[in-house]
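Peer 1: Pasting in a structure now, in structure tokens, and then I'll have a few things to ask.
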Amino acid sequence: MNGWLLAAAVVLTGGLGAALWGVATGPLRRRAVAQNLATVLAGSGLLLLAQGYDRPSYLDLALVLALLGPVGTLVFARLLADDLAADPPRARAATWATVGVAAAAVAAVGATTGPGRALGKVLVTGALLIGGNLIASRALSGGFGGVRGG
């Protein structure tokens with residue numbers, strides 16, 4: 001076991017385990033936030049696993065998760081808007097903690113990847129993980145209240 005695999009194990013068991021527990025139990029607001037945070041932690045874990053196992057295909061999985069995870073959260077936020085409006089989620093500390101984990105994973109993997117296409121993929125994945133998490137968290141907390149669909 002190398003350091004990459006150890007870091008991935010910590011992220012996946014510690015953070016993702018807590019997020020999955022939050023998805024499975026508790027009120028709706030906690031489940032919605034935990035689902036959003038689980039996608040960021042799983043994407044960060046996949047970045048670390050890609051480096052640890054030297055498998056570039058894991059970067060593709062992290063990229064797909066970074067694209068689809070926030071979209072799923074935004075769909076939940078739209079469908080559950082009335083239920084979440086009464087008791088909106090507030091998880092600033094958890095959101096910024098997962099942003100820190102994702103940023104650390106992207107920085108570490110990017111620093112060892114070297115210049116090239118793989119580095120671009122790592123940076124795009126990191127930007128999507130972090131940006132998508134922040135936008136989806138803001139939508140869950142009702143931060144885009146002036147935007148209404150038909």
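Peer 1: How big is the dipole moment of the chain about its Cα centre under a simple scheme where the beta carbon of each Lys and Arg is +1, that of each Asp and Glu is -1, and everything else is neutral? Debye, nearest 20, please.
Peer 2: 220 debye
Peer 1: Sticking with this structure for a sec: How far is helix 28-53 tilted off the main Cα axis of the chain, in degrees rounded to 10, range 0 to 90?
Peer 2: Orientation of helix 28-53: about 10 degrees from the principal axis.
Peer 1: Where the centroid of each part is defined by its Cα atoms, how far is region 86-100 from region 39-76 in Å?
Peer 2: For region 86-100 versus region 39-76, the Cα centre distance is 20 Å.
Peer 1: Could I ask something else about it? Of all the stretches in the chain, which is the longest one without any exposed loop site, taking trypsin sites (Lys or Arg not before Pro) in a DSSP loop (any state but H, G, I, E, B) with at most 14 other Cβ atoms within 10 Å?
Peer 2: Value returned for the longest uninterrupted segment is 1-89.
Peer 1: In addition: What is the mean projected area of the alpha carbon convex hull for region 47-134, to one decimal in square nanometres?
Peer 2: Average projection, Cα convex hull of region 47-134: 5.9 nm².
Peer 1: Any idea of the accessible area per residue across the chain, 1.4 Å probe, to the nearest Å²?
Peer 2: For the chain, the per-residue accessible area is 54 Å².
Peer 1: Does the chain come out rounded, prolate or oblate by the C-alpha gyration tensor, with a ≥ b ≥ c the root eigenvalues, rounded set by a/c under 1.5 and, if not, prolate when a/b is larger than b/c and oblate if not?
Peer 2: Prolate shape, in that a/c is at least 1.5 and a/b is the bigger ratio.
Peer 1: Please work out how much accessible surface L5 shows to a 1.4 Å probe, ignoring ligands, DNA and RNA, in Å² rounded to 10.
Peer 2: Approximately 30 Å² for this residue.
Peer 1: Separate question: For region 1-107, run through the chymotrypsin sites (Phe, Trp or Tyr not before Pro) and keep only the ones in DSSP coil with at most 14 other Cβ atoms within 10 Å of their Cβ.
Peer 2: none
Peer 1: Would you work out which of L49, N133, L59 lies farthest towards the positive end of the dipole of the chain, given +1 charges on the beta-carbon of Lys and Arg and -1 on that of Asp and Glu, about the Cα centre?
Peer 2: The residue sitting farthest along the positive end of the dipole is N133.
Peer 1: I would also like to ask the following. Quick one: go through region 49-65 and flag any residue whose amide nitrogen is under 11 Å from the point 7 Å out along the Cα-to-Cβ line of N2.
Peer 2: Correct set: 49-55.
Peer 1: Put T113, T125, T13 in order of accessible area, largest first, 1.4 Å probe: what do you get?
Peer 2: If we order T113, T125, T13 from most to least accessible, we get T13, T113, T125.
The values are calculated or read from the model by the stated rules, or taken from the named source; none is laboratory data. Computed from a predicted structure; not experimentally measured. Every residue, glycine among them, receives a Cβ derived from its backbone with ideal geometry; neighbour counts consider all protein chains shown. These area figures cover heavy atoms from the full protein model, side chains too; ligands, DNA and RNA do not enter into them. Shrake-Rupley method; radii C 1.70, N 1.55, O 1.52, S 1.80 Å.
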